[in-house]
Amino acid sequence: MKWTILLLPIVLLFFVSCESDNIEDLFKETGCNTENIRFSSDVLPILNTHCMSCHNSLAQLGGVVLESYEEVLFWVNNERLLGSIKHLPGFSPMPQAGLKLDDCTIEKIEAWIQEGAPDN
Ligand code: HEC
């Protein structure tokens, strides 16, 4: 009995230290920061990384261009941007042919939209 009580924290520590090796888990522990999301420094870089290969003004797949604030706002206002990245029924799941964005990235975009999708 005494041994298990002594061992428990050690075993727990072992697991915690192992998990901390994983940067994504570390991030989960600190939570997802959705405060003060900016279009210029948060939203646009996400779109540049995950969407721009298909939604730049040359490719315009599906007639969707996400280069400027005004273009992004159009797809925010008709609710298709959030529906597609959240893989909601009735929307084309985005990024097409790619992995779904991680939860925190989606939460950031959603938080920005809930703030009124400002051009900041
Ligand atoms: C590999 C190419 C590709 C990538 C990457 C991609 N898309 Fe698309 N997207 C398409 C195509 C093709 C269509 C039109 C056909 C369709 O709706 O499935 C489309 C359609 C859309 C639509 C309209 C969906 C609807 O239901 O009306 C939105 C909004 C959109 N994309 C947003 C995004 C966002 C945001 C990202 C990044 C997170 C992204 N796309 C990444 C190819 C892509």
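Overview of results
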item: Residue order, fewest to most beta carbons within 10 Å, for LEU99, LEU82, LEU47; result: LEU99, LEU82, LEU47
item: ³J(HN,Hα), Karplus 6.51/-1.76/1.60, whole Hz, each residue of the range 74-81, x for Gly, Pro; result: 4, 7, 6, 5, 8, 6, 7, 5
item: Pairwise FRET efficiency - LEU99 versus GLU70, Cβ, R0 = 35 Å, nearest 0.05; result: 0.80
item: Residues TRP112, TRP75 arranged by fewest to most Cβ contacts within 10 Å; result: TRP75, TRP112
item: Stretchable slack from LEU61 to PHE91, in nm (0.36 nm times residue separation minus alpha-carbon distance); result: 9.3 nm
item: Under Karplus coefficients 6.51, -1.76 and 1.60, residue-wise ³J(HN,Hα) of the range 95-101 in Hz, glycine/proline x; result: x, 5, 6, x, 6, 4, 4
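Laboratory data are not the source of any read-out in this text; all were calculated from the coordinates shown. Bear in mind the structure is a predicted one, so any value in this text is a computation, not a measurement. Counting neighbours? That spans all protein chains shown, and the Cβs are built from the backbone with ideal geometry, glycine included.
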